[in-house]
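This report concerns only the one structure given below.
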Amino acid sequence: MHYGYFNGTIVPSDQIGVGVTDLGLLRGYGLFDYFLTYNGRPFQWDWYWERFRNSAASLRLPLPLGKDETYAVVMDLVGRADQGDVALRFVMTGGYAPDSISIVKPNLLIMTEDIHPVPPVQYEQGIRVVLDEYVRDMAEVKSTDYKRVILKDSEIRAAGASDLLYQKDGEISELSRSNFFVVSGNRLITPNQHILRGITRRTIMELAQADFEVEERPLLLSELYDADEAFTTSSTKQVLPIVQVGDLTIGNGQVGPKSQYLLDRFNDLIANW
Ligand SMILES: Cc1ncc(COP(=O)(O)O)c(C=O)c1O
């Protein structure tokens with residue numbers, strides 16, 4: 001069973017209700033964050049907290065709890081879930097607005113959820129992505145606005161793909177819910193603009209320092225023609241190989257050894273977390 005914290009009270013998550021004047025509901029004014037525990041411990045807590053705090057500051061929402069108080073809530077919820085590892089979802093919205101527009105006091109929800117791992121076949125065969133000309137609004141904020149990918153869900157499925165890869169004027173940014181990397185020889189390249197700064201991305205960049213030249217810079221679509229491998233990173237996907245982008249096959253169309261190597265390093269890290 002999962003529990004949730006909502007504005008100071010902890011109850012089973014299915015008993016939490018949010019009122020109809022909430023600005024998240026009425027105006028799409030909200031942000032969230034999402035991370036996992038490994039061996040019962042929140043993964044990269046300092047980094048996720050920092051991102052959550054920055055997202056709230058960008059949307060001018062004052063945080064009702066400090067870092068240590070929030071950590072105590074997280075550990076309380078993890079304990080109550082009484083199962084192995086869990087996902088944590090933080091959601092913060094503009095709160096209840098009597099005039100349907102002004103922020104008075106944000107609503108903060110923190111809850112545990114089951115983890116939904118990626119099917120193993122996707123790691124074995126890699127995934128395909130559909131190119132989409134789009135840039136996320138306020139890309140550095142982990143906003144609750146995912147209407148682009150929800151709108152395109154049937155198009156993605158019809159193409160036998162798993163997600164969108166956003167690009168604008170030939171410059172790649174990220175997937176709808178994860179970051180993007182290419183491997184070219186010994187170089188590992190990841191876009192640095194119009195992206196959410198993923199915590200998994202940051203972890204992989206750090207892990208890769210020892211064996212790769214890591215380049216964080218604008219990445220052009222044309223560079224995909226020379227790429228040996230591509231992969232995407234997120235809290236749930238970890239390091240997931242991409243073998244096709246639109247009509248273009250990446251490298252030899254198989255999961256590459258360097259993507260596999262970085263996934264193995266990530267698995268080593270979480271095994272001892
Ligand atoms: C737009 C976007 N980019 C990247 C990511 C990956 O971030 P993380 O590795 O912190 O999960 C996410 C995660 O949901 C996302 O929504």
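Here, each number is a calculation from the coordinates, and none is a lab measurement. Because the structure is a prediction, the values reported are computed rather than measured. Here the Cβ positions follow ideal geometry from the backbone for every residue, glycine too, while neighbour counts run over all protein chains shown.
Placing dummy labels 7 Å off each Cα toward the beta-carbon, the span from TYR146 to TYR261 is 3.2 nm.
Across region 97-108, rounded Karplus estimates of 3J(HN,Hα) from the backbone phi angles (6.51 cos²θ - 1.76 cosθ + 1.60, θ = phi - 60°) give 10, x, 9, 6, 9, 8, 7, 9, 8, x, 9, 10 Hz, Gly and Pro being marked x. All Cα-Cα separations within region 3-113 were binned at 5 Å from zero, giving a P(r) of 2, 12, 23, 23, 19, 12, 5, 2, 0, 0, each value a whole percent of the pairs. Remark on LEU164: its backbone amide H falls under 5 Å from those of VAL130, SER176, a criterion applied only to residues 5 or more positions apart or on other chains, H modelled at 1.01 Å from N.
Taking every DSSP bridge with both residues inside region 120-271, close to 60 percent are antiparallel.
If you wrap the chain in the convex hull of its Cα atoms and look at it from every side, the mean projected area works out to 14.7 nm².
Per the Debye formula on identical point scatterers at the alpha carbon atoms of region 173-219, with no solvent, log10 I(q)/I(0) at q = 0.20, 0.21, 0.25, 0.27 Å⁻¹ is -0.59, -0.65, -0.91, -1.04. Taking the 0 to 90 degree range and rounding to the nearest ten, how far is the long axis of helix 45-58 tilted relative to the main principal axis of the chain, both from C-alpha atoms? Around 70 degrees separate the two axes. Could you calculate, for region 49-112, the ratio of the Cα radius of gyration to the Kirkwood radius, expressed as Rg to Rh? Rg divided by Rh gives 1.04. Taking the number of Cβ atoms within 10 Å of each Cβ as an exposure proxy, the fewest-first ranking of TYR71, TYR96 is TYR71, TYR96.
Counting DSSP beta bridges in the chain, what percent are antiparallel, to the nearest 5? The answer is about 80 percent antiparallel. The sum of -39500 (n - 2.57) across all DSSP H runs of n ≥ 4, divided by the residue count of the chain, sets its helix-only mean residue ellipticity at 222 nm to -8000 deg cm²/dmol. Counting every other Cβ atom within 10 Å of each residue's Cβ, TYR5, TYR134 order from fewest to most as TYR134, TYR5. Neighbour counting of Cβ atoms within 10 Å sorts the residues VAL20, VAL129, VAL149, fewest neighbours leading, into VAL20, VAL149, VAL129. Looking at region 37-108, the trypsin sites (Lys or Arg not before Pro) that sit in a DSSP loop and have at most 11 other Cβ atoms within 10 Å of their own Cβ are ARG60.
When the Cα positions of ASN252, ILE150, VAL73 are compared along the charge dipole of the chain, VAL73 comes out farthest toward the positive end, with charges on each C-beta of Lys, Arg, Asp and Glu. The VAL104 and ALA139 beta-carbon pair, evaluated with R₀ = 25 Å, returns a calculated FRET efficiency of approximately 0.35. Under the simplified labelling scheme, the ALA271-ALA159 pair shows an inter-label distance of 3.6 nm, with each label point 7 Å from Cα along Cα→Cβ.
Applying Stokes-Einstein at 20 °C and 1.002 mPa s to the Kirkwood radius of region 120-271, computed over alpha-carbon pairs, gives a translational diffusion coefficient of 140 µm² s⁻¹. Region 1-58 and region 201-249 have Cα centres separated by 29 Å. Counting only residues at least eight positions apart within a chain, or on another chain, the lysines with an alpha carbon under 28 Å from that of LYS105 are LYS67, LYS142, LYS147.
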